[in-house]
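Heads up: the structure comes next, in structure tokens.
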């Protein structure tokens with residue numbers, strides 16, 4: 001039971017970081033330095049975690065947190081592809097969008 005509780009806390013703490021990443025991407029409307037491969041690997045890791053719980057039949061209550069985390073990472077990944085495509089279509093000489101508070 002302690003192992004499942006620690007896993008739950010790990011997932012919660014990882015999950016807390018994703019809204020910040022999503023907000024940063026949304027505000028900046030740029031994806032420079034982001035790695036879609038990294039986010040895909042994170043989603044694959046979460047899916048493996050879900051699979052391990054189905055295989056063992058224990059700690060099934062933790063799966064809900066995995067699903068929330070997958071949705072958060074998927075949101076950030078979707079924003080990556082959206083802004084990547086949008087920024088590629090913009091004219092090469094066009095100025096990047098202004099970020100509030102930036103000089």
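Bear in mind that the values in this text are calculations on the coordinates, not laboratory data. On a predicted model such as this, the values are computed, not experimentally measured, just so you know. In this analysis, Cβ positions are derived from the backbone assuming ideal geometry, glycine residues included, and neighbour counts consider all displayed protein chains.
Which order do the peptides 63-73, 20-30 come out in when sorted by mean C-beta neighbours inside 10 angstrom, highest first?
In decreasing order of mean packing, 63-73, 20-30 become 63-73, 20-30.
Rounded to the nearest 0.05, what FRET efficiency is calculated for residue 74 and residue 9 with R0 set to 22 Å and r the Cβ-Cβ distance?
According to the calculation, E is roughly 0.50.
Round to the nearest 10 and give me the degree value, 0 to 90, for the angle of helix 2-28's Cα axis relative to the longest principal axis of the chain.
10
Summing -39500 (n - 2.57) over the DSSP H runs of n ≥ 4 in the chain and dividing by its residue number, what mean residue ellipticity at 222 nm do you reach, to the nearest 500 deg cm²/dmol?
-26000 deg cm²/dmol
In nm, what is the difference between 0.36 nm times the number of residues separating residue 44 and residue 26 and their Cα-Cα distance?
That pair, residue 44 and residue 26, stretches by 4.1 nm at full extension.
Work out the FRET efficiency for residue 100 and residue 16 from their Cβ-Cβ distance, taking R0 = 22 Å, and round it to the nearest 0.05.
With a Förster radius of 22 Å, E is 0.40.
Under 10 Å, Cα contacts only: if you run a Gaussian network model on the chain, which one of 17, 56, 74 comes out with the highest mean-square fluctuation?
56
Give the angle, between 0 and 90 degrees and rounded to the nearest 10, that separates the Cα long axis of helix 36-56 from the longest principal axis of the Cα atoms of the chain.
10
Taking Cα atoms, how many degrees apart are the long axis of helix 63-89 and the longest axis of the chain, rounded to 10 and kept between 0 and 90?
20
Any idea what log10 I(q)/I(0) is at q = 0.17, 0.22 Å⁻¹ for the chain, Debye with uniform C-alpha scatterers and no solvent?
For the chain, the Cα-only Debye profile gives -0.80, -1.12.
Normalising by the residue count of the chain, find the relative contact order in percent from Cα pairs under 8 Å and 6+ residues apart.
It comes to 44 percent, rounded to a whole number.
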